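Values in this text are rule-based calculations from the coordinates and carry no lab data. Being a predicted model, the structure only gives us computed values, none of them experimental. Here Cβ is always computed from backbone atoms with ideal geometry, including for glycine, and neighbour counts include all displayed protein chains.
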Amino acid sequence: MAEPLKNVYSKVFIIDLADQLLAVYPDFCCISFQEFIFDAKWDDKALKARIRTITHALHLFLPAPFEQSIVILKKIAPRFGGLEALFFPDFVEKYGLENYQTSLQALEFFTRYSSAEYAVRPFILKYPEAMMAQMFIWSQSDNEHVRRLASEGCRPRLPWAFALSEFKKDPQPLLIILEQLKDDHSEYVRRSVANNLNDISKDNPAVVIKVAQRWLREKYNVNNNNLANRQRLVKHACRGLLKQANPIILSLFGFHQPENIKINAFKVDDVVIMGGKLLFSFNLSSQVALGKLRVEFAIDFMKKNGSLAAKIFQISESTITTNSKQVSKQFDFKKISTRKYYPGMHHLSVIVNGRLLSKKVFILK
């Protein structure tokens with residue numbers, strides 16, 4: 001089993017952090033800092049709780065003026081990175097909301113080492129117009145991490161963060177930033193643009209459909225390298241709409257209705273043991289070449305209350321020049337942290353270019 005993410009904040013890490021702080025701030029009390037963090041509840045704290053505990057400890061043991069604490073933290077931030085450094089922007093989020101200028105400069109600095117995408121959100125709520133102007137400035141930065149923050153930080157439905165409800169209602173303020181970044185030379189930034197658009201599509205599908213159509217029409221105005229990047233971005237941005245079988249988006253990507261395609265020899269295990277694998281297979285056939293197909297399967301999972309909830313999984317996307325295609329697939333019912341399985345009747349469906357072609361029942365025991 002993988003090591004829990006929270007364990008990145010080990011005793012060795014905290015001791016090293018204290019030593020780094022002491023080196024730039026000689027009055028820092030390393031022992032008290034460590035004792036505060038490793039209280040009786042530490043072992044039970046999840047990742048975000050551990051981050052906030054470190055943030056609180058920094059506030060207690062660094063100089064009282066926020067600006068002075070930021071100067072010290074900036075000196076050591078480049079020695080840390082990724083997940084382990086999330087407490088730097090978290091410190092700004094927690095204690096800098098009333099100190100706008102210093103905080104924004106700090107977030108721009110810290111995001112180069114660990115993303116400030118969560119920390120900027122309270123600032124967007126408190127200073128919406130100023131922050132969106134700042135996000136646009138960041139979208140023109142020379143640093144890809146800062147440019148990504150301009151998009152990622154204002155996602156309406158950023159995972160593990162509170163939603164930005166105003167942008168769920170009206171995403172127009174986001175589009176000027178996404179337009180600025182859509183042909184960014186960094187895949188890291190473009191992927192964030194796609195994720196932002198996918199968020200928008202959940203509440204405002206018509207907006208994303210128009211953006212997708214326009215951005216693909218504009219392909220003739222960009223160079224060949226950007227063309228492929230643009231197409232990948234738009235496809236990823238529309239992944240939710242593709243799963244929903246939105247007919248406009250399916251057609252936009254060349255997935256036409258499977259009018260003459262038949263499904264044959266659809267076989268599904270009747271019974272699956274909890275923790276085991278569901279095996280299934282089928283054949284797709286047509287009088288002519290099958291053409292461009294997006295093949296998916298859906299499982300209607302049994303919920304705790306006895307109702308069913310569907311989840312769609314992609315099998316393949318390809319252009320098939322023959323008139324038949326054999327598919328064999330399996331689904332693993334092993335225990336995972338993101339989904340809980342319940343015994344009972346389930347449904348398995350085969351979907352081609354957004355159309356359900358066949359459905360069968362199986363029992364999970």
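With N set to the residue count of the chain, report its C-alpha Rg divided by 2.2 N^0.38 Å to two decimal places. Don't jump to the answer; show the numbers that get you there.
Values: Rg = 25.0 Å, N = 365, 2.2 N^0.38 = 20.7 Å.
Against the empirical 2.2 N^0.38 Å value, I get 1.21 for the chain.
Mean projected area of the convex hull spanned by the Cα atoms of the stretch 46-128, taken over all viewing directions: 5.0 nm². Charge tally for Glu35 (other residues, Cβ to Cβ under 14 Å; Lys, Arg +1; Asp, Glu -1): +1.
Remark: the chain carries a charge dipole of roughly 1880 debye about the Cα centre, counting +1 on each Lys and Arg Cβ and -1 on each Asp and Glu Cβ.
If you add up the charges near Phe331, with Lys and Arg at +1 and Asp and Glu at -1, over every other residue whose beta carbon is less than 11 angstrom from its beta carbon, what do you get? Don't skip to the answer; put the middle values down first.
Numbers: positive: Lys277, Lys311, Lys329, Lys334; negative: Asp269, Asp332.
So the surrounding residues net to +2.
How do Arg230, Arg355, Arg190 line up, fewest other C-beta atoms within 10 Å first?
On the way: Arg230 18, Arg355 14, Arg190 23.
Fewest to most other Cβ atoms nearby, the residues stand as Arg355, Arg230, Arg190.
Since only Val272, Leu158, Phe301 are under comparison, the one whose Cα sits farthest along the positive direction of the charge dipole of the chain, derived from C-beta charges on Lys, Arg, Asp and Glu, is Val272. Using only the C-alpha atoms, the convex hull of the stretch 254-365 corresponds to 96 Å³ per residue. Only lysines eight or more places from Lys94 in sequence, or on another chain, were considered; those with a Cα closer than 19 Å are Lys45, Lys48, Lys74, Lys126. Fewest-first ordering of Thr102, Thr319 by other beta carbons within 10 Å of each residue's beta carbon gives Thr319, Thr102. Extents of the stretch 119-172, largest first, come to 30, 23, 19 Å (Cα atoms, principal axes, whole angstrom).
Which order do the peptides 63-71, 19-27, 149-157, 208-216 take when ranked by the mean count of other beta-carbon atoms within 10 Å per residue, highest first? Write down the numbers at each step before the final one.
On the way: 63-71: 15.3, 19-27: 13.6, 149-157: 24.7, 208-216: 17.8.
Averaged packing, sorted descending, gives the order 149-157, 208-216, 63-71, 19-27.
Per residue, the average separation of C-alpha pairs within less than 8 Å and at least 6 apart gives the stretch 213-365 a relative contact order of 26 percent.
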